[in-house]
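Reviewing the structure listed below.
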Amino acid sequence: MAKKTGVFICSGCGIGESLDVDALVKVAAKECKAPVCKTNGFLCGKEGVELIKQDIAAGELDCVLVVGCSNRVNYEAFDFGPSVVVERVNIREQVAWSQQPNDEDTQAMAEDYIRMYMAKAKTVEAPEPYIAENLSKTIMVVGGGLAGMTAAIEAAKANYQVLLVEKEAALGGWLNKVYKLAPVKAPHTELEDTNLEARIAEINDNPNIKVYTSAVIEKTAGGPGLFDVTIKQNGNEIIERAGAIVLATGAVPYNPEKLGHLGFGMSPNVITQSMFEEIAKKGTITRPSDGKEVKKIAFIQCAGSRDQEHLPYCSAACCIESIKQSLYLKEQDPEAQAYVFYKDIRSSGQYEHFYKKAQMAGVMFIKGDVTDVSEGDEGTLVIEADDLLMGDKTMADEIDLIVLANGMVPTTAFEEGVYMGLGAVAAVTEGAGEAAASCDAPAVPPATIIKSNILNLQYRQGPELPDLKYGFPDSHYICFPYETRRTGIYAAGSVRRPMDMGQSVGDGVGAALKAIQCVELTEQGAAVHPRALDISFPDFQLTRCTQCKRCTDECPFGAINEDEKGNPLINPTRCRRCSTCMGACPERIISFKNYSVPMIGNMLKAFEVPEEDEEKPRILIFACENDAIPAIDMAGISRLQLNAWIRIIPVRCLGSLSLVWINDAMSRGVDGVLLLGCKHGDDYQCHFMKGSELAEIRLSKVSETLDRLGLESERVQARTVSIMDYEVIPKMLAEFMEKIEELGPNPMKGF
Amino acid sequence: MVDNKISSAPIKYDNTFAKEIYSLENGHYVKMCMQCGMCAVSCATRQIMDYSPRRLFNLIRAGKKEEFMRSNTMWMCTTCCMCKVRCPRGIPLVDVMHDLKALALKQGYVEYPQAAFYQAMWAEAFGRGRVFEGGIMARFYLKRGWNEIKKALGMKDLGMEMLKHGRMPIVPPRKIKGLKSLQQIIQRAQSLQEKEAK
């Protein structure tokens, strides 16, 4: 337990000009009884850091309070090794830069922050990493297609042992089925060979890669560094230990049987892109019905994709596939005619050259909605469409072959071989909602888990990866690619999002790197993204556990299993340290060495709440460290004036919000509490998926508590901010303040 | 905006006509159009064209020869080059338009006054080695027929004023020296152009 706390106050960067630093020293040394309290005009400089180091050496300080800038800067300068806890008190961005200089309220704010962090320092401890035994650094790749093979090769090249598990008898996946690839090399106009033999040979020749073909995964237990995977191959069960998993099981074409409105099933001459690859691979492109050489071909793009009744998303690869396939025909017969009916040609990046090449070859691109496909004479077909560019009906007849670009569905979207379309997913969520409504507390609908029989995880929350959207198991397409909602399992290739061959290669490399990061950090006992390098981990006082299962339910990463009695079983290597469990626990038995419910409780009890007649209200802000705190810092950097009555407490995630904090704050006479967290909902930005959503749901219960205290529930409100929202923060605070002034001061003041 | 509807019969994609266009000197560029419409929004005379250049190109690709030939689009092109410099696909639209005009003249689609003017101007330049305004005027109105000549007579006061001020010569200028050689050069260039297009 930290006993000796040194306070070091920096007066640089304009702090000294707007605050009375001597008075701050008085608060720290006299009032809070810090054994060491020093000031420096340039604390992060060489001399300043030396000053702190000397005191650590001499006075054996075990906790250092750096009073100055935000913890988002200079963290390396103020790193004094694992045994010294460093707490950063931000009086630069949050006080000196965003408040009236040399004002009595500004001074009070800075003094309060010192009191708050001194209170925190009393109980904060240096975290020790959890280092599991028999950790493995092997990387298991599930799926031996292009993305999986790339991930395996890249990880093996980086000198990690790799297990490559493939369901089929041969590696290659989708590549086995295609004739040629769209170009990835300059000049980006020539068809390329799949080069499959060379890729497989590279894997077979690499001593670091162990390949299991015709194998499936029966069971995946454990967590990062400790995955115990049961592989079933030819009736034998093999158990392997892996450190991280790359999921690269790919996608399958959308079921064309559902595309009857585009003529599939009406004529054998209406086929899908994959069927066309087969025909092209055999040699001459002929009609399936009678073997006549194809002279006129039509491609229908977005057959299923970008269609609310089928696949609402863009399948990303089909435009280029159709261009490629039209060139197969042009290669065979330059006089043959090819039509592409499209919504938008999405030939991103260098593929534009390929698109141009097809245009030069005479492929006709028609932007239009296909309205009808019918049979003409002698096995030919007729397409009718609305030509959107000419604003008229259009028709192409005497077509020998129609190819439907039927898009892709991730392998994770199938339950027992049945595609879980949108309806099914919605039904699952609704059912969960009802179940939640029946119990006393409102709950966030649990993430949909489609039992796709791929990984068969031994996780309490379900056997597969949670679905983000449409069956794709990602967690956030933009902010954290490859990350699924299961720590240590990274999705790559078209199972993550629809993508083409070139992108799959990139994905394989990226996911392999993520897997390597994961095994390395797990070895150090540290968290992975987004709290990378954090070595604290939650500690459960199980003797007081009531088996309410809130922590096991609410953990966004499924890190907590249960024993048969319902006691939580933490898997520390799965933990990402968001502390959602800490906020969820009604018994408050979950804590971190450097972050706990009492610690924050002490902080909010430490600042002064002026009497009612002083007319100085107090607003407590719980701000998420991921987006809200940076936004507030940026408001300070931009010298935006913030409200003078606020006191900010950073939290790891709003998911860690404990209702007891609100209760405590209110009973102290704080006039309002504002929660600043990330956007939630469908396109959430929460770094821990559901933290801010959970906080708002918990808030809905707080009104009860407030009623009991005789207070208005509007005194506690939640707002969402993104990192770029710093400009709106002053207005947001002003509006909240207005509301609080309307309600009048908290009657609990002075009790 | 004039926005001629295409004939109500559905477009039946027939590439015979498109191939005819592609075989012109700059005709193959028509293939490269991706229908973004940059030419249409850049065009100063788009408002009076039957079809914007983009639509004209699509007519060609759809095989609508009659609509194409009867449209005024290429005749309204002032060769300002705005579309040419802006086309993201690098299509030299002005050059394409020129080829299209030449083709229309060759095939006898001369209903627009611009066509007659082009022919008159060219005949003057070719036959004399320099341009004589009076000659162009005479040729133009003769080509356009009796109604146009009547219109021209309506402007006789203006003509008289121009004559008075020496703005309109009556006597044609002399032919240039070595006209034969110039004509040979032109003919050679034309045959080269035709050869290249093939």
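What the table shows:
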{"quantity": "Theoretical ellipticity at 222 nm over the protein assembly as shown - DSSP helices of four or more residues, -39500 (n - 2.57) apiece, nearest 500", "calculated": "-10500 deg cm²/dmol"}
{"quantity": "Sorted peptide list for A:729-740, A:270-281, A:539-550, criterion being average Cβ within 10 angstrom, highest first", "calculated": "A:270-281, A:729-740, A:539-550"}
{"quantity": "Spin-label pair A:ASP22/B:ALA102, simplified geometry with 7 Å Cα→Cβ offset, distance in nm", "calculated": "9.3"}
{"quantity": "Positive-end residue, the protein assembly as shown charge dipole about Cα centroid, Cβ charges, pick of B:GLY37, A:GLY407, B:GLN114", "calculated": "B:GLN114"}
{"quantity": "Cleavage-rule hits, GluC sites (Glu not before Pro), the range A:284-387, DSSP coil, Cβ neighbours within 10 Å at most 15", "calculated": "A:GLU309, A:GLU335"}
{"quantity": "Peptide-level mean, for A:388-397, of C-beta atoms on other protein chains within 10 Å", "calculated": "6"}
{"quantity": "Projected label distance in nm at A:ALA186 and B:MET160, using a 7 Å step from Cα toward the beta-carbon", "calculated": "7.3"}
{"quantity": "Axial C-alpha extent at least 15 Å, average Kyte-Doolittle at least -1.0 - helices from chain B (DSSP)", "calculated": "B:93-106, B:113-128, B:133-144, B:179-197"}
{"quantity": "Extension gain (nm, one decimal) between A:ASP377 and A:THR284, 0.36 nm per residue minus Cα-Cα", "calculated": "31.2 nm"}
{"quantity": "Dipole in debye (nearest 20) - the range A:286-358, about Cα centre, beta carbon charges: Lys, Arg +1; Asp, Glu -1", "calculated": "120"}
{"quantity": "Tensor-based shape of the range B:113-197 (alpha-carbon gyration tensor, a/c under 1.5 rounded, otherwise prolate or oblate)", "calculated": "oblate"}
{"quantity": "For the range A:630-698: rounded, prolate or oblate by the Cα gyration tensor [a/c cutoff 1.5]", "calculated": "oblate"}
{"quantity": "Highest average packing first - A:66-78, A:37-49, A:185-197, Cβ atoms within 10 Å", "calculated": "A:66-78, A:37-49, A:185-197"}
{"quantity": "Hz values of 3J(HN,Hα) by residue in the range A:673-688 - Karplus curve (6.51, -1.76, 1.60), Gly and Pro given as x", "calculated": "10, 10, 9, 10, x, 8, 4, 10, x, 4, 9, 5, 10, 4, 5, 10"}
{"quantity": "Local electrostatic count at A:GLU277 - Lys and Arg +1, Asp and Glu -1, tallied over other residues with Cβ under 11 Å", "calculated": "+3"}
{"quantity": "Prolate/oblate/rounded call for the range A:660-751, Cα gyration tensor, a/c under 1.5 rounded", "calculated": "oblate"}
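Just so you know, all these numbers are worked out from the coordinates, no wet-lab data involved. On a predicted model such as this, the values are computed, not experimentally measured, just so you know. Cβ: placed from backbone, ideal geometry, glycine included. Neighbour counts: every protein chain shown.
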